[in-house]
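Bear in mind these aren't lab numbers, they're just calculated from the coordinates by the rules spelled out. Because the structure is a prediction, the values reported are computed rather than measured. No Cβ is skipped: glycine too gets one built from the backbone with ideal geometry, and neighbour counts run over all protein chains shown.
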């Protein structure tokens, strides 16, 4: 009987040590990804909008999805970044997701912005520009918004 108790204690100890997830992080869901734009040596945070994350939990899949204001609605509460024309914007998001960048107007998505190495150049015309960055990871998608005003 004593041998059974020792054996069970040993098994419990070994199973408890098999997790490769740091203690306290196993229930952090959905994750929070750091997302900034980098312009002229300065990082500016982007505002998080809609997101959807999924993960396997045993035999089931857990999904978290939010509904948020659109980027053009969010822009009303975002302080524009004041810049001069033709500057480069670099998008930096944790874990290097695939990204798509869109320019928005009052009606919705106006056009897709072409990027190279997660960078693009802002327009030369003066005005306010609302951008959405759609980031896609294997198990999630997040929409980020930022606003630029060209002086």
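The label-point distance for residue 67 and residue 103, in a model that sets each label 7 Å from Cα toward Cβ, rounds to 3.1 nm.
With a Förster radius of 25 Å applied to the C-beta separation of residue 32 and residue 96, the computed FRET efficiency comes to 0.95. Rounded to the nearest 0.05, the FRET efficiency derived from the C-beta distance between residue 84 and residue 52 at R0 = 41 Å is 0.65. Dividing the mean sequence gap of close Cα pairs (under 8 Å, 6+ apart) by how many residues region 34-150 holds gives a relative contact order of 33 percent. Take the Kirkwood radius over Cα pairs of region 34-150, plug it into Stokes-Einstein at 25 °C and 0.890 mPa s, and you get 164 µm²/s for translational diffusion.
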